[in-house]
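Note sheet for the following structure.
The values are calculated or read from the model by the stated rules, or taken from the named source; none is laboratory data. None of these values were measured; they are calculated from a predicted model. Here the Cβ positions follow ideal geometry from the backbone for every residue, glycine too, while neighbour counts run over all protein chains shown.
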Amino acid sequence: MSLNKEQLKIALWIIKSDEIKKRDKYTCQNCNSKEHLAVHHIYPKGRGGKDINENLITLCDKCHYMVHQRRNIYIGFWIKHFKKLMEEKCKKT
């Protein structure tokens, strides 16, 4: 069975979002909830944001909703997330 382009895109997103949730220990990176998780683009896809690890963060549905209602708070998420990623990269070197 072969996948059409849209089905492949969805399958790749499911794999990527599972990878991000695992990296974030299946925990909302804002409130530490472990329920109803979603993967959020820190820099919006509509503005050119990519499906790369550094641009993705795990949020619970409540925090995800809040980010989309108040776009200015995503900057705080990004700063926290970026700092964490840089600390992890520094430990590896």
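With respect to (1) hydrophobic (A, V, I, L, M, F, W, C); (2) more than 13 Å from the chain's Cα centre (by Cα); (3) at pLDDT 90 or above; (4) surrounded by 14 or more Cβ atoms within 10 Å (Cβ to Cβ), the lone exception for Ala11 is condition (4).
Residues in region 29-50 that are in contact with a Leu (Cβ under 8 Å, 6 or more places away or on another chain) and at pLDDT below 95: Gln29, Asn30, His40, His41, Ile42.
For region 20-57, how many residues are hydrophobic (A, V, I, L, M, F, W, C) and loosely packed, with under 13 Cβ neighbours inside 10 Å? Let's see the steps before the verdict.
Step one: filter region 20-57 for residues hydrophobic (A, V, I, L, M, F, W, C), giving 20, 28, 31, 37-39, 42, 52, 56-57.
Next, only the ones that are loosely packed, with under 13 Cβ neighbours inside 10 Å stay: 31, 52.
Within region 20-57, residues that are hydrophobic (A, V, I, L, M, F, W, C) and loosely packed, with under 13 Cβ neighbours inside 10 Å number 2.
For the condition in contact (Cβ under 8 Å) with a residue 24 or more places away in the chain, part of a loop (DSSP other than H, G, I, E, B) and surrounded by 11 or more Cβ atoms within 10 Å (Cβ to Cβ), Ser17 does not qualify. Among the residues of region 15-57, the one identified as over 17 Å from Arg70 (Cα atoms) and of a type in the set (Phe, Trp, Tyr) is Tyr26.
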